[in-house]
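For reference, the structure is listed below as structure tokens.
The values are calculated or read from the model by the stated rules, or taken from the named source; none is laboratory data. Quick caveat: nothing in here was measured; it's all calculated off a predicted structure. Here the Cβ positions follow ideal geometry from the backbone for every residue, glycine too, while neighbour counts run over all protein chains shown.
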């Protein structure tokens, strides 16, 4: 299988490569439109800040390329947030694969921000969640979130807010948590993205 | 609901773990990667590796080790010890570490925290604080604590709560708070100090130093308001095993990740 990881200035690509390698897959890190178009699967990781990431994608012309991809596409963390219409992080217009905006956590003082650590995902019956056990804990690190919407297939609660932890629309998937850092649960979800969807 | 985290800490010298770690079924007890995999299997929520290598020449060994850890384990890990420059941080993050912890370096030059947070993001900047009681800092009937550096050997004249607040405002993403008074004594964490730091900052606080019993973890998570608890020898020597600890804590109403 030909897997492409979108190369842009929002790091931690190595963790994704390591997780894929543990599953027996190799991936190519690329920002070449041709390679992205030809891949069987595209993974869009991300740790960083929305406006800087969007500026980079636009400069490279990648915003249009990503939006028009037809194969299964998975955004992770910031990658998922960039797939919304708009992010409150530095008021940034985003790629718009999902019909929803990304907003900042506003929580009572006792809730720390970022939402950092292990939390549970409540999942629907999407094939991305095939073969998962009952306990569905995933590792999150984020200060902004995508509210629940029509495209939500997995949700998580923090500080009284139930937000989208997994989104799906057509060929586009997004995870707010880091599957590459979420132990067996994360590896199963990555494996499903490669083999079940 | 967000779970409280249990974090074993491993000291690494010249690429190998130190302390007579005694884990079941390990071919090589000094092999940090094998140990990390074992902890990951036994339910550790995160791992911390402290490089106590004495020489600069052997720093490269630690980076190689970090790459190997990232290859093998699928949970987050923090690395610390001997970090001097932004390039050191970049090399460790590129090698696959999720977070780095800084201590003496941040006290010497606080703007390091701003620089690292700006370049790499707050989520990967852990500010480690080593605290010792100092009655000179007592105020309003509350115990005063002083920041120590260089492995707890050197005093700084800085009060702990104010330093934690400063680290937070400069962009640290987490505080790793170690009570040097409690460390190694196994009489419980510095619960009162942990609570005060946790209430003073808007970022997660990892409590460290003093774990001896499972009840100590309950205390630091409830009264101490810690978001995570770190320990070393009690895990390494099987005085407390993580699966049993997590069951115990869950029975006491503390949210724990189950595998």
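Where residues in the range A:100-123 are more than 9 Å from chain B (Cβ to nearest Cβ) and buried (at least 22 other Cβ atoms within 10 Å of the Cβ), which of them is farthest from residue A:181 (Cα to Cα)?
So the first thing to find is which residues in the range A:100-123 are more than 9 Å from chain B (Cβ to nearest Cβ), and the list is A:100-108, A:121-123.
From the residues that got through so far, the ones that are buried (at least 22 other Cβ atoms within 10 Å of the Cβ) too are A:102, A:121.
Working: A:102: 22, A:121: 15 Å.
Checked the range A:100-123; the qualifying residue farthest from residue A:181 (Cα to Cα) is A:102.
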Residue under evaluation residue A:173, criteria (1) in a strand (DSSP E or B); (2) within 12 Å of another protein chain (Cβ to nearest Cβ); (3) in contact (Cβ under 8 Å) with a residue 40 or more places away in the chain, criterion not met
(2)
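Quick one: which residue in B:235, B:221, B:248, B:217 is within 14 Å of another protein chain (Cβ to nearest Cβ) and part of a helix (DSSP H, G or I)?
Values: B:235 fails: within 14 Å of another protein chain (Cβ to nearest Cβ); B:248 fails: within 14 Å of another protein chain (Cβ to nearest Cβ); B:217 fails: within 14 Å of another protein chain (Cβ to nearest Cβ).
Of the residues listed, the single one that is within 14 Å of another protein chain (Cβ to nearest Cβ) and part of a helix (DSSP H, G or I) is B:221.
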Looking at A:18, A:77 in this structure, which one is surrounded by 15 or more Cβ atoms within 10 Å (Cβ to Cβ), farther than 22 Å from residue A:102 by Cα and touching a residue at least 40 places away in the same chain (Cβ under 8 Å)?
A:18
What's the number of the condition residue B:194 fails, among (1) touching a residue at least 24 places away in the same chain (Cβ under 8 Å); (2) surrounded by fewer than 22 Cβ atoms within 10 Å (Cβ to Cβ); (3) more than 28 Å from residue B:30 (Cα to Cα)?
(2)
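Can you find a residue that is modelled with pLDDT under 95 and closer than 23 Å to residue B:257 by Cβ anywhere in the range B:52-65? Please lay out each step first, then the result.
From the range B:52-65, those modelled with pLDDT under 95 are B:52-65; that's our starting set.
From the residues that got through so far, the ones that are closer than 23 Å to residue B:257 by Cβ too are none.
The answer is no; no qualifying residue exists.
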Hits in the range A:186-197 (condition: surrounded by fewer than 24 Cβ atoms within 10 Å (Cβ to Cβ) and either in contact with a helix residue (DSSP H, G or I) (Cβ under 6 Å, 6 or more places away or on another chain) or in contact (Cβ under 8 Å) with a residue 12 or more places away in the chain (or both)):
A:186, A:187, A:188, A:191, A:192, A:193, A:194, A:196, A:197
Against the conditions (1) surrounded by fewer than 24 Cβ atoms within 10 Å (Cβ to Cβ); (2) within 21 Å of residue B:39 (Cβ to Cβ); (3) free of Cβ contacts under 8 Å to residues at least 60 places away in the same chain, where does residue B:211 fall short? Just the number, please.
(1)
Kindly indicate which of B:75, B:21 is touching a strand residue (DSSP E or B) at 6+ places or on another chain (Cβ under 9 Å), modelled with pLDDT of 90 or more and crowded, with 16+ Cβ neighbours inside 10 Å.
B:75
Report yes if some residue within the range A:124-133 is modelled with pLDDT under 95 and either facing another protein chain (nearest Cβ under 9 Å) or crowded, with 23+ Cβ neighbours inside 10 Å (or both); otherwise report no.
yes
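Output the residues belonging to the range B:79-104 that are within 16 Å of the chain's Cα centre (by Cα) and away from chain A (no Cβ under 12 Å).
If we filter the range B:79-104 for residues that are within 16 Å of the chain's Cα centre (by Cα), which is where we start, we get B:79-83, B:97-104.
Of everything in the range B:79-104, those that are within 16 Å of the chain's Cα centre (by Cα) and away from chain A (no Cβ under 12 Å) turn out to be B:79, B:80, B:81, B:82, B:83, B:100, B:101, B:102, B:103, B:104.
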Of the residues A:155, A:165, A:143, only one is crowded, with 24+ Cβ neighbours inside 10 Å, farther than 23 Å from residue A:40 by Cβ and free of Cβ contacts under 8 Å to residues at least 60 places away in the same chain; which?
A:165
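Given the criterion within 18 Å of residue A:101 (Cα to Cα), at pLDDT 95 or above and within 14 Å of chain B (Cβ to nearest Cβ), identify the matching residue among A:162, A:187.
Working: A:187 fails: within 18 Å of residue A:101 (Cα to Cα).
Exactly one of A:162, A:187 is within 18 Å of residue A:101 (Cα to Cα), at pLDDT 95 or above and within 14 Å of chain B (Cβ to nearest Cβ), namely A:162.
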Find the residue count for the range B:152-165, including only residues that are touching a strand residue (DSSP E or B) at 6+ places or on another chain (Cβ under 9 Å) and surrounded by 13 or more Cβ atoms within 10 Å (Cβ to Cβ).
9
Which of (1) under 19 Å from residue B:206 (Cα atoms); (2) away from chain A (no Cβ under 14 Å) does residue B:126 not meet, given it meets every other one?
(2)
Which of the residues spanning the range A:168-177 are surrounded by 24 or more Cβ atoms within 10 Å (Cβ to Cβ) and out of contact with any helix residue (DSSP H, G or I) (no Cβ under 7 Å at 6 or more places or on another chain)?
A:177
